[in-house]
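See below for the structure under consideration.
The values are calculated or read from the model by the stated rules, or taken from the named source; none is laboratory data. The model shown is predicted, which means the values in this text are computed figures rather than measured ones. Cβ sites come from the backbone with ideal geometry, for glycine too, and all protein chains shown count toward neighbours. Side chains included, ligands, DNA and RNA excluded: accessible areas come from the protein's heavy atoms. Shrake-Rupley method; radii C 1.70, N 1.55, O 1.52, S 1.80 Å.
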Amino acid sequence: MVTTAHDRTDLQRIAWDAAATVVDPEIPVLTIADLGVLREVTVTDAGVEVAITPTYSGCPAMNMIALEIELALAREGFPNAKVRTVLSPAWTTDWMSEQGRRKLKDYGIAPPAPASGRRALFGAQQVACPQCGSTDTEVLSEFGSTSCKALWRCNSCREPFDYFKTH
């Protein structure tokens, strides 16, 4: 049982760190903390509760992510943790960390630019090729290998690549 605010703060940090190690099953180079899906970790006398927000409302990975969070917390001594899905406010690519954006690029997926939503809505979007860095790119399909990605091609190096869509 937690007895002091200091103990609770330490436990909360340990629980957050454990949950933050969970990777996205669709893009395993990213943790849920990198993505900004991990929203809150609360420790009370009753246990641990974790709040997550899906990248979109029908994301099939959320059940697996919730299970992996429960397992990660159990390994750290937090049995029976509760994971709840929070839909409001809706997730945005602005919640992705800079480290997450770098990991995407290194993995060969063009990351969304921070605060790029309005440009994307009005068609003024420039996406840099993750292979050569050129912005002479074109969209091939708004639908990529997962619902979060679109398929693009670089006109300089001619390589196709995934682009993590702006939300």
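In the stretch 130-141, what count of residues is obtained for those that are touching a residue at least 12 places away in the same chain (Cβ under 8 Å) and open to solvent by 30 Å² or more (accessible area, probe 1.4 Å)? Counting residues in the stretch 130-141 that are touching a residue at least 12 places away in the same chain (Cβ under 8 Å) and open to solvent by 30 Å² or more (accessible area, probe 1.4 Å) gives 6. Of the residues making up the stretch 93-101, not a single one is open to solvent by 60 Å² or more (accessible area, probe 1.4 Å) and in contact with a Ser or Thr (Cβ under 6 Å, 6 or more places away or on another chain).
The residue that is nearest to residue 46 (Cα to Cα), among those in the stretch 61-82 that are of a type in the set (A, V, I, L, M) and not in a helix (DSSP H, G or I), is 81. Scanning the stretch 69-92 for residues that are open to solvent by less than 20 Å² (accessible area, probe 1.4 Å) and either under 24 Å from residue 14 (Cα atoms) or at pLDDT 95 or above (or both), we see that the one that is nearest to the chain's Cα centre (by Cα) is 69.
Restricted to the stretch 102-112, and to residues there that are touching a helix residue (DSSP H, G or I) at 6+ places or on another chain (Cβ under 8 Å) and outside any strand (DSSP E or B), the residue that is most open to solvent (accessible area, probe 1.4 Å) is 103.
From the list 66, 51, the one residue that fits, being open to solvent by less than 10 Å² (accessible area, probe 1.4 Å) and touching a Ser or Thr at 6+ places or on another chain (Cβ under 9 Å), is 51.
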